[in-house]
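Let me begin by presenting the structure, written as structure tokens, before commenting on it.
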Ligand code: SF4
């Protein structure tokens, strides 16, 4: 049997950090997957041991640009657990608002990229356009589009002024119909359904074996969410529900992410209600961190993010352990990719949202026997997009003129 | 003479290749943001190239980790000359937060020559566009 190895990575034309995947293929079918990481290793845990407790919030913010408030929340939770302090109520609501705004922009980013991989550049442009107002809100209340620096041990760094609240509400109100339109466009599209349903299925047994988290687990029927299961910030003070789906395929993951955006909006609105017209402390002073251990977690957009800190009573931690959700989610490729065709692998890898687009890396396929190059990066995405076009023809849906023009230009 | 002619030709339409060398991926997202409807740099003829061999400009983010530097050098060699290297974000410019880390091999100008520095963490898309415009104006 002639097997072909398809290495994915470590570089990619579009973005995200380098990582490397090797797909072992037999013809069109993928028979095994290998994963090599570490291109992006910056030694954050070690750097953290040389920084002051307060500085670390800025450091952990820079672990990931998309979950850039999830890590600080988890870290602050850990230190607050260690120091046994309770943050003021106003700070709780503000934490929730920032966390949920981030979830919306992260999910929209994913939807856009998934659309791009499937050859729906319209979805990509839509989703990224609708993400901009969220970043505007962030810039207005925190001063930066990303890396908000809002979290602080014992509370938050900045208050949300009453004057901003109607503006935030207005932006969210305007966003809602657009998001609705996007959700319906994605969920009702026959081509997307044909392309995504039944692809990359993870059963709940797989999920438990790999310890997958977040939307990946929730799309396979596992009802887990740290925001509800281990309440912190203001998540137990507001009404919302955990979205789950049972199918476990890429389509279900998209559904979970899209519907979660609406839940996030619900949370933000309730939090704004509770901030409006009230005054209060936004943080308490935590001067000394006693010796001991603390753990903290937060449901990042991709799943539970976990921080552990150990203190010896000095100005910086003795040990700081971080576990990001993608670490658990990425190995599920082993279960979801095997047996699928190469053209589906792009979207399956992206479907787990492994900090998204491992497939946009420099992908090169070599024949094992002859070492001759067969496919490279753009081929890989082209394959995926071609499949969409084929299904479009079968179903009898015409792609939009714009898409067609783009398609011709790119190929 | 030939080189400067070629440089002038570059001014019309820049093909950029984006390379992440150990970043937090926020700079990378902001680069992509430049392509989306609000900023839309394609109207200036700037577009992302799929391969470094088609690129005029290398946009580099991240600190340059030990595991990456060989690949960065290789990609720089593969880029057709004349070409430009733009260091995006505090990480690529100075090492930023991670300069004390044990995997730090950068900043970028220690690895490959850099033409433009765009500081910020992450720089706003407007800042990136301004940087590219300055680069274009400096081409003679
Ligand atoms: S400069 Fe800031 S935003 Fe850019 S990669 Fe570095 S840490 Fe991330």
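Side notes on the structure shown:
- Rounded to 10°, Cα long-axis angle of helix B:69-78 versus longest principal axis of chain B: 10 degrees
- Shape analysis of segment A:136-219 places it in the oblate category; the axes a ≥ b ≥ c from the Cα gyration tensor give an a/c of at least 1.5, with a/b not above b/c.
- Exercise: per-residue mean of other protein chain Cβ atoms within 10 Å, B:51-60: 1
- Between helix B:125-138 and chain B there is an angle of about 60 degrees, using the helix long axis and the longest principal axis of the Cα atoms.
- With both labels modelled 7 Å from their Cα along Cα-to-Cβ, the residue B:13 to residue B:71 distance reads 2.9 nm.
- For chain B, the 222 nm mean residue ellipticity estimated from helices alone, with every DSSP H stretch of n ≥ 4 adding -39500 (n - 2.57) and the total spread over all residues, rounds to -10000 deg cm²/dmol.
- Sequence-separation-based contact order of chain B, relative, with Cα cut under 8 Å and 6+ spacing, percent: 27 percent
- For residues of B:29-37, the mean tally of beta carbons on other chains within 10 Å: 6
- Mean Cβ neighbour count within 10 Å, used as a protection proxy, ranking A:230-243, A:161-174 highest first: A:230-243, A:161-174
- By the beta-carbon count within 10 Å of each Cβ, the least crowded to most crowded order of A:68, B:23, fewest first, is A:68, B:23.
- Computing FRET efficiency as 1/(1 + (r/R0)^6) for residue A:230 and residue A:136, where r is the C-beta to C-beta distance and R0 is 51 Å, gives about 0.95.
- When Rg and the Kirkwood radius Rh are both evaluated on Cα atoms of chain B, their ratio Rg/Rh stands at 0.95.
- Taking all Cα pairs closer than 8 Å and separated by 6 or more residues, the relative contact order of segment A:220-352 comes to 18 percent.
- Take each residue of peptide A:321-333, count the partner chain Cβ atoms within 10 Å of its Cβ, and average: the result is 0.
Quick note: the coordinates plus some simple rules give every number you see, no bench work behind them. Since this is a predicted model, take the numbers as computed values, not measurements. Don't worry about glycine lacking a Cβ; one is built from the backbone with ideal geometry, like all the others, and counts go over all protein chains shown.
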